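The values are calculated or read from the model by the stated rules, or taken from the named source; none is laboratory data. Note that the structure is a prediction, hence the values are computed from the model and not measured. No Cβ is skipped: glycine too gets one built from the backbone with ideal geometry, and neighbour counts run over all protein chains shown.
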Amino acid sequence: METLRLDSKNMWHEYEKSKLAEGIKPKTLKDYKSILVAFGQWMARTYGTPFRVQPEHIERYFVYLRSLPANRNHPYTPPKKTPISAYRLRNIYIALRSYYSWMEERGIRESPMRHIRSPKLPQNVIEIYTKEEIARVIEYINSRQSPNNLRDTTIIQLFLATGLRASELLQITHRDVNLSERRIRVSRGKGSKQRIVPFNGASLQLLTQYLAELPNIRPQDRIFPISHDRCRDMFTRACKTCGVKPRGLHALRHTFACRFLLAGGSPLDLKYILGHSSLAMVDRYSQWVRQQTALQSYELVADRL
């Protein structure tokens, strides 16, 4: 029989060592552990101990999770009326699948996750920023009485020119930047994969000027010493001040992707630049482009219908 209370510490430590060797980040494993502990506690409450997890238990657990409000366990945030997000459910699924797949690989037991499908993610309409909105945001930033105007403008322009995730862009070091070839080496994305991402001439001009104002920067130093939260707050505040609907930093990545395809870029090339492992997400951008094309076509023939 088995438990998932993780009081069998040797099992967890072996799993943890294995995943760290694969390059999984400690923060991710910490989240996995909290998910597994919560699942084990639910199993113990529902079925008693000892227990052996079966596929029907996992399915029932996800039904249970869908009935709970979001933020139910957050110490400082009251529970929301809305249910747990599909993205959180998917993360729980990934953690359980990872743990049981590891057990199966080592002959400990067959994974009960083998025939459990991942929770579906909502296919929301992609929102992007228009060129006029970005121009207003940058104009506001440059008008501030702040020593960080150039830094913040450079960050926004690089988001739009590269499609980098915030976690990737804010970890770029001085040695990662090649100004002569207009390239950035990105090695801190999902799964710690390394790739080379190009940037355009407008970004080169800003980045050259910005780096020139950092004469004491070392090769290993981050070029943007700002946290993700502060960067997000800076951009949100700028949007609100100049009357632009804030859609988050990630919408800048969406904006780059849609503009790239609209300009005639290849979906396969976009997949590499964005660092995606499959074309599934890129297909969402392709669908957005097809939607825009269809709307424009309708405008051309609307009066003849």
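In summary, residue 250 fulfils each of the numbered conditions (1) surrounded by 14 or more Cβ atoms within 10 Å (Cβ to Cβ); (2) out of contact with any Phe, Trp or Tyr (no Cβ under 6 Å at 6 or more places or on another chain); (3) within 24 Å of residue 133 (Cα to Cα) with the single exception of condition (1). Number of residues in region 239-269 that are in a loop (DSSP other than H, G, I, E, B) and among the aliphatic types (A, V, I, L, M): the value is 3. Among the numbered conditions (1) touching a Gly at 6+ places or on another chain (Cβ under 6 Å); (2) without any contact (Cβ under 8 Å) to a residue 12 or more places away in the chain, the only one that residue 110 does not meet is (1). Would you point out the residue of region 85-99, among those that are touching a residue at least 40 places away in the same chain (Cβ under 8 Å) and touching a Pro at 6+ places or on another chain (Cβ under 9 Å), that is farthest from residue 27 (Cα to Cα)? Looking at the filtered set, the residue picked out is 96. Among residues of region 165-189 that are in the same structural domain as residue 252 (by TED's automatic domain parsing), those with a beta-carbon under 9 Å from a residue that is buried (at least 18 other Cβ atoms within 10 Å of the Cβ) and small (Gly, Ala, Ser) at least six positions away or on a different chain give the pairs 165/189; 165/275; 167/189; 168/189; 168/275; 182/203; 186/275; 189/275.
For region 207-228, does any single residue satisfy the condition of being among the aliphatic types (A, V, I, L, M), touching a strand residue (DSSP E or B) at 6+ places or on another chain (Cβ under 6 Å), surrounded by 13 or more Cβ atoms within 10 Å (Cβ to Cβ) and closer than 25 Å to residue 130 by Cβ? No - not one qualifying residue is present in region 207-228.
The single residue among 224, 260, 199 that is in the same structural domain as residue 154 (by TED's automatic domain parsing), more than 18 Å from residue 126 (Cα to Cα) and within 20 Å of the chain's Cα centre (by Cα) turns out to be 224. Once region 152-163 is narrowed to residues that are assigned to a helix (DSSP H, G or I) and touching a helix residue (DSSP H, G or I) at 6+ places or on another chain (Cβ under 6 Å), the residue that is surrounded by the fewest Cβ atoms within 10 Å (Cβ to Cβ) is 153. Looking across 272, 285, one residue alone is in contact with a helix residue (DSSP H, G or I) (Cβ under 8 Å, 6 or more places away or on another chain), assigned to a helix (DSSP H, G or I) and hydroxyl-bearing (Ser, Thr, Tyr). It is 285.
Out of the residues in region 49-71 meeting the condition of being at pLDDT 90 or above and outside any helix (DSSP H, G or I), tell me which one is surrounded by the most Cβ atoms within 10 Å (Cβ to Cβ). Checking each candidate, the answer is 53.
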